[in-house]
Amino acid sequence: MHTRIVAVLVISVTFSSAAFSLTQAKPPPGYTLVFDEEFNGPLSVSNWGERPARWMAHTPYAGDFGDAYFTGYNEPNTPSPFKVENGMLTITAYRDPNANKHWRSGLLASVDTHGNGFSQALGYFEARMKLPAGPGVWPAFWLAGLGNFKVPKTKAAEVDILEEYGVDSRIAHQTVHVWNTDGGQSSATGNSSTCQGMTTDFHTYAALIKTDYIHFYFDGVEQWKTPTPAEAKEPLYAMVDLALGGGWPIDRTPNPSHLYVNYIRVYAPPVASSFSGSSGSAHDGKP
C-alpha cells in the first residue's frame, strides 16, 4: 500500500531550519501517556503477528519496501536485526552471507496483520533516536492509518514524522500522504528541514496531530505544520525502521549500519477534544 519511494513522488516541498523557529513542542496540557516503549526489557515482537506482542517485525499491510529484507527477530540462519540493551533498541542493517550478501534490516509496527495492537486518533507522537551515517541509509519514524484493514477498505493517511536519506544527513524530511484503497496515492505534501547532528547524537522527532493542523518538531522546535486531512484524524499506528535505498544507491552503504532508538511515546488528547465519531484506539498490545 505504501511504497514510500520519494524519487517518484510529486509533492509540495518547503524548506526550513531549526534556527528560525521558536515554537516549543511538548504534549499539551491534559494529554495522557498511552504508549510508552522505553526498551527496558526483552523486546516484545512477533514476525508476522503469529503471537500476541507489542510489535510486529514487518509492515502489517504486507508492503515491505527498500533494498534490504526486513527480517524477523528469530528467523533461522541469520542474525536478528534487533537488539535491546541498557534501555536502547538497536536496529542493524547488514549484508547476509547466507543470502548472497543481500542486505537485511529491521522494522517494527505497533499493529499486526489484522490491525490489532496500538493505534491512536490524534495526539502527540515522539521518538528519541540517533540515526546512522553513510550513503544509502533511510531511517524513518512514521504513522499509518487502519483503512487497509476495514471492510470495505477506506483511504488511509501516512504521517512521516522523520525520514532521513544518507545522501545528506543534515536534512530531516516530513511528509503527509493520503493513500487510495487501490494503493495509489491520493495526495502528498512535505517539508525538508535542516537539522544538524542527527547522526552524531540523540535527538527527538515528534508530531502533534490536532483536528486543524499537524505540527512537526525536532528537539522540541517546530519545523513545519500542515492542515490535517480527514484520514489523519483517524487512529494511526506507529512504525520505526532502518530501510536502505529510497531511490539512492547502496553500493557505499556502511556494513553494518545502526539506528539507535531510546524510546517511543504517544500521548492521547482529552476525550473532549478527540476526533468526532471516533474515540481512538489506544490498545497497547503489550502482553
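Just a few scattered comments:
- In loop segments of the stretch 170-233 as defined by DSSP, the trypsin sites (Lys or Arg not before Pro) with at most 14 further C-beta atoms inside 10 Å of their C-beta are Arg170.
- Straight Cα distances below 20 angstrom link Lys26 to the aspartates and glutamates Asp36, Glu37, Glu38, Glu126, Asp160, Asp212, Asp219, Glu222, with same-chain residues fewer than 8 positions distant left out.
- Solvent exposure of the chain, expressed per residue, is 42 Å² of accessible area, with all protein chains present and a 1.4 angstrom probe.
- Note on Thr154: accessible area is roughly 50 Å² with a 1.4 Å probe, heavy atoms of protein only.
- A probe of 1.4 angstrom, applied to the heavy atoms of all protein chains, finds Thr59 with accessible area near 0 square angstrom.
- Carbon + sulfur, % of accessible area of the chain - ligands and nucleic acids excluded, 1.4 Å: 52
- Under a Gaussian network description of the chain, with springs only between Cα atoms under 10 Å, the residue in Ser110, Ser186, Ser119 that fluctuates furthest is Ser186.
- Kirkwood Rh in Å, taken over the chain so that all alpha-carbon pairs contribute: 18.8
- In Å, descending, principal axis extents of the Cα set of the stretch 26-141: 52, 33, 28
- Ordering of 75-88, 44-57 by burial proxy (mean other Cβ atoms within 10 Å per residue, highest first): 44-57, 75-88
- With all protein chains modelled, accessible area of Thr113 [1.4 Å, Å²]: 50
The values are calculated or read from the model by the stated rules, or taken from the named source; none is laboratory data. This is a predicted model, so every value here is computed, not measured. Using ideal geometry, Cβ is built from the backbone for each residue, glycine included, and neighbour counts are taken over all protein chains shown. Quick note on the areas: whole protein, heavy atoms, side chains included, nothing else; ligands and nucleic acids left out. Shrake-Rupley method; radii C 1.70, N 1.55, O 1.52, S 1.80 Å.
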